[in-house]
Structures are given as C-alpha cells and as structure tokens.
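Reading through the structure tokens given below for one structure.
Taken together, the values in this text are just the output of simple stated rules run on the coordinates, not laboratory data. These numbers come from a predicted model, not from an experiment. Here the Cβ is made from the backbone with ideal geometry for all residues, glycine too, and neighbour counts use every protein chain on show.
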Amino acid sequence: MDWREFPDWSEKVANWSAHYHQTLRDRPVRAQVLPGDIEARLTDWPPELPDEMSQIMDDFMQLMLPGMTHWQHPRFFAYFPANVTPPSMLAEMLMSVMGAQCMLWQTSPAATEMEVVMVDWLRQALALPVGYKGVIQDSASSATLSAVLTMRERAMGFCGNKLGVAGQGRLRIYCSDQVHSSIDRACWIAGVGQNNLVKVPHQGPLHGIDVTAVKQAIAADREAGHIPAGIIGVVGSTSVGASDDLGLLGDVAAEEGLYCHVDAAWAGAAMICPEFRQQLWSGIDRFDSVVFNPHKWLGAHFDCSVQFLKDPTSQINALKIEPEYLKTTLDGITNFSEWTIPLGRRFRALKLWFLMRAYGLESLRDRLRNHVVWANALCEMLRASPHFEIVTEPILSLFTFRCAGDDASQQRFLDRVNDDGRIYLTLSEFAGEKVIRFQVGQFDTTWADILSAHRVLEELAGELNRL
Ligand SMILES: *Cc1c(COP(=O)(O)O)cnc(C)c1O
C-alpha cells in the first residue's frame, strides 16, 4: 500500500470506528458463533499476489465482526471492562504510526520522560506517598511476575539468576485464597512452585486475608527450615472483590522482613476517589510494589498496567542485564527495560497523557462513582426478586448472586442469558459454589442499561422457572 492511499483508508476506518461505538447497543454483546465457524471462513493458504484493500476491509466486516465479543458494549457486565476511550485511542494511533521501541532513554527520550511523569501523576491521583516510582508494563501478570522474581532474588541474596533455584531451599510466598491466577503463574515461572505459594483463608465482610494465619504460617515455615520470601496482598479480587487489610498485612511483612506486593489490577482505579481509600487503601504505603491496570476501569486503551515501586533498586537488581549492544554512556537517565522482563516496549505513557488531559480526574471520578452506585442499586433490585439471592455484597462495582437451583442451574441460566445477547455476564466460584458475577465498569454504560439488565435477568429467570 502506498502512503498516498493511507489518509483515505484512515478516514474510512475513523468514520467506521465512531459509527461502531455509537451503534454498539444494537449488537449482541457476546459473539454468537460456534467453535470453528470463523476459521472455516478463512482461506487455508497465504496469498501469492496482493489483494485489494477494499476487499480486505470488506472481509473484515463480513467474516470477522460476527466473531467478535464486543468489549466496548455498554451492556458488557462480564469479567472486567477494558475501556477504550477516544483520546486514548488517538494516542494509540499516533504511537502505532511511529512504531518506536522505547526500551532505553535514548531510543525515545520523550517516551521515557513522559512515563516518569505519568506514573507520578497516577501516584498522586491514587494517593500513594511521595517517593514511589514506577514503570508501565503490559499487564498485571507481568508486573506480579516481576515482583515475585524480586522476592526470589532478594531472599536468595541476588544469586538466583546465576545459580538457578535448584537445591536452594524452599522459598515461600504468602497470599489469601482469593488472589488472581496470575499470582500462581508468577510463582510457577519464577521457580517458586505452586506448593510454596501458601494460600491463607479469608475472613470478614471484605473477604480479606486472615493475618494471624499468615503469621502462623511464616513461623511454621521458618521452623521447618523454609525461606519466607514475600507477601502478596489483593485489593479487589477478580471473583468477588476480596480486599486485604493492607495495614495489618504490611505490618507482618515489615516485622518479618519480607518484600510485599499488592495486586489492585481492577480496583486500583477507584482509588482516584478519596471516599474509597479509607476502607480499601489504608496501609498501602507499607507495600514495596503495587500494580493497577489503567486499561481496565480508568479508560486507557489496553495494554497499560502501572507498577509502582517504593524503591526500584531491588527489582532492577533482579532484572537488569546490560549486554554491550545496549550500553549507553549518559548519566542520570532511566532505561525502563531494566525494570521489566521484555526488552522492547511501547510508548504507553502517551495514552495516559491524552486520557487524563482530555477527561480530567474529576470526570473520571464521576464515572466510577456512578458505576458503584448503579451496581449497588441493581444488587438491591435482585435481592428483592424471588428469583435471585445475593451471595457476596457489592465491593465497589462488583457483586455476585445465584438463581434458584444447583450449580448446573447457574450454568444453564448464564448460558441462556449470554445466548440471548442483550447482556453479557460470567461465572465464578465462592465458598465452593458457582456464583454469577455482575460488575459495572464500561464507560458508555448508562442507568438505562442497568435497568435493561434487570429486565433481562427477571424475564429469563421467570422463563426458566416456568419450564
Ligand atoms: C484483571 C486482573 C488481573 C490480570 O490482569 P492482566 O493485566 O490481564 O494480567 C490480575 N489481578 C486482578 C485482581 C485482576 O482483576
């Protein structure tokens, strides 16, 4: 394709993009195709000769769109949102145009320096103490893996990278039984092992970790000759929003000399609102590492995960490698690829700059507050219904419920809802039973969308009950 044709196609894509977002309510939320449907529409061999762009674009519309689940749909209530806002999308376009690799300061000084400033804007927005630095990663999973590698290296006197983990004793990491699977995977990959990730029960209305049990587990492990390496807390678990008491948990880490990390991937965004901090954020200043995803609830286009670090030195010591071809001679610069696992990195800070400037924190707060209010209101409507029982109360904008019947009935009801297509929900598990999750977080969701979700749930539950 010639650059002279590019503006024309870009304009077509831009027009289609606005139309797509404005008419999303008319589409089913979850893709309504069967496994293999889309693959069967594609030719089995690559073309030898060029296709017309008009044909490629038509095929995208005809063949691919039906196979898309619409994550930006205002009635997307599944998983967590991955909000795309117009300003962050424009920034993504600009950075894709330049295609810069921002691994070292000198490979794009603007990217590095803006990243420093954007992380600090977010530090202030989330009320983290002065002094925290940070880095933008692709995902919370990568940030958590970086933190677990740091725990490992710190506990091994920074010789694990050299010696390997074999025969070095059993490193132990502690967390609650509500944490995201990315914590398990980080422990697999770091060589800590699933059996050395000690999952402590939760308790209380926020389903937070039992801190006394953490202390006991650490004492027992020391007694047995194991090596406690770190503690991982959660604010807003994926299933039900479980949130640990960070003050108490951070105190244990300090008493035991353990590195500590918090996964606030989804709920962290809500900490831009001061009223949520008292309950969910007190004690955050005790943590060495904190991850939250602006690409979820804050409206930064995926991917954008910020890892705050009280002192980046340990993580840099765990991850930095400097071959001859990456050496630079400048002093006083930051090379962010030394803070993370991949070398190549995108200019992700740009979309945070566009986003925060185009909205302002106050309008972002308004949106999040509405989501929390609406989730609570819907929860009350479902509580009042004969068809449903609430299992876990709203934590921010997430609650879980069940319809009548056993676990198989929950699955049947959920399939009925998602095949219908007007709303999209997903299941999880709590206290050994299947629960249906409801989260509000899509940026274009309105109160009317919540009311239609309520109507759909009542209508389909009534229908199933009559069968
Ligand atoms: C979404 C989520 C994750 C995983 O985030 P990725 O960025 O996709 O790796 C981890 N923890 C929690 C609590 C989450 O909500």
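Please count how many residues of the stretch 125-179 are of a type in the set (Gly, Ala, Ser), more than 28 Å from LEU352 (Cβ to Cβ) and touching a Pro at 6+ places or on another chain (Cβ under 8 Å). Spell out the reasoning first.
Initially, the stretch 125-179 is screened for residues of a type in the set (Gly, Ala, Ser), giving 125, 127, 131, 134, 139-143, 146-147, 155, 157, 160, 164, 166-167, 169, 176.
Filter again for more than 28 Å from LEU352 (Cβ to Cβ), leaving 155, 157, 160, 164, 166-167, 169, 176.
After this cut, where a residue has to be touching a Pro at 6+ places or on another chain (Cβ under 8 Å) as well, the list is 155, 176.
So the count comes out to 2.
Within the stretch 284-297, residues that are closer than 14 Å to SER237 by Cα and assigned to a strand (DSSP E or B) reach partners that are acidic (Asp, Glu) and within 15 Å of the ligand (Cβ to nearest atom) with beta carbons closer than 7 Å, at six or more positions or on different chains, in the pairs VAL291/ASP263. In the stretch 299-312, the residues that are among the aliphatic types (A, V, I, L, M) reach residues that are part of a loop (DSSP other than H, G, I, E, B) and away from the ligand (no atom under 11 Å from the Cβ) with C-beta atoms within less than 7 angstrom, at least six apart or across chains, in these pairs: LEU309/TYR132; LEU309/ASP288. Select from the stretch 366-394 the residues that are assigned to a strand (DSSP E or B) and acidic (Asp, Glu) and list them in ascending order. Listed by number, the residues that qualify are GLU389, GLU393.
In the stretch 314-327, the qualifying residues are those that are surrounded by 11 or more Cβ atoms within 10 Å (Cβ to Cβ) and of a type outside the set (D, E, K, R), and the one that is farthest from the chain's Cα centre (by Cα) is LEU326. Among the conditions (1) more than 21 Å from the chain's Cα centre (by Cα); (2) within 16 Å of the ligand (Cβ to nearest atom); (3) outside any helix (DSSP H, G or I), the only one that LEU330 does not satisfy is (2). From the list THR238, THR212, the lone residue that is out of contact with any Asp or Glu (no Cβ under 9 Å at 6 or more places or on another chain), polar (S, T, N, Q) and without any contact (Cβ under 8 Å) to a residue 24 or more places away in the chain is THR212.
The set of residues from the stretch 231-260 being part of a loop (DSSP other than H, G, I, E, B) and more than 16 Å from the ligand (Cβ to nearest atom) comprises ASP245, GLY257, LEU258.
Is there a residue in the stretch 286-297 that is more than 16 Å from the ligand (Cβ to nearest atom) and of a type outside the set (D, E, K, R)?
In the first step, residues of the stretch 286-297 are kept if they are more than 16 Å from the ligand (Cβ to nearest atom); the result is 286, 288.
Retained after the next criterion (residues that are of a type outside the set (D, E, K, R)): none.
Checked against the condition, which is being more than 16 Å from the ligand (Cβ to nearest atom) and of a type outside the set (D, E, K, R), the stretch 286-297 yields no hits at all.
The residue of the stretch 232-284 that is farthest from the chain's Cα centre (by Cα), among those that are closer than 19 Å to TYR132 by Cα and acidic (Asp, Glu), is ASP251. Just give me the residues in the stretch 333-361 being touching a strand residue (DSSP E or B) at 6+ places or on another chain (Cβ under 7 Å) and either in a helix (DSSP H, G or I) or without any contact (Cβ under 8 Å) to a residue 24 or more places away in the chain (or both), in sequence order. Within the stretch 333-361, PHE336, TRP339, ALA349 meet the criteria. Restricting attention to the stretch 94-109, the residues being in a helix (DSSP H, G or I), of a type in the set (A, V, I, L, M) and in contact (Cβ under 8 Å) with a residue 24 or more places away in the chain number 3.
The set of residues in the stretch 261-283 being outside any helix (DSSP H, G or I) and either more than 23 Å from ASP311 (Cβ to Cβ) or of a type in the set (Val, Ile, Thr) (or both) consists of VAL262, TRP266, CYS273. Applying the criterion of at least 3 residues that are exposed (fewer than 13 other Cβ atoms within 10 Å of the Cβ) to the helices (runs of 4 or more DSSP H) found wholly in the stretch 124-226 leaves 211-223.
Among the residues of the stretch 335-357, those that are more than 23 Å from PRO274 (Cα to Cα) and either touching a Cys at 6+ places or on another chain (Cβ under 9 Å) or surrounded by fewer than 17 Cβ atoms within 10 Å (Cβ to Cβ) (or both) comprise PHE336, SER337, ILE341, PRO342, LEU343, GLY344, ARG345, ARG346, PHE347, ARG348, ALA349, LYS351.
For beta carbons closer than 6 Å, sequence separation of 6+ or different chains, a first residue in the stretch 121-146 that is on the phi < 0 side of the Ramachandran plot and away from the ligand (no atom under 15 Å from the Cβ) and a second that is outside any helix (DSSP H, G or I) and of a type in the set (Ser, Thr, Tyr), the qualifying pairs are ARG123/TYR132. If only one of GLY283, GLY360 is within 19 Å of THR85 (Cβ to Cβ) and surrounded by fewer than 22 Cβ atoms within 10 Å (Cβ to Cβ), which one is it? It is GLY360.
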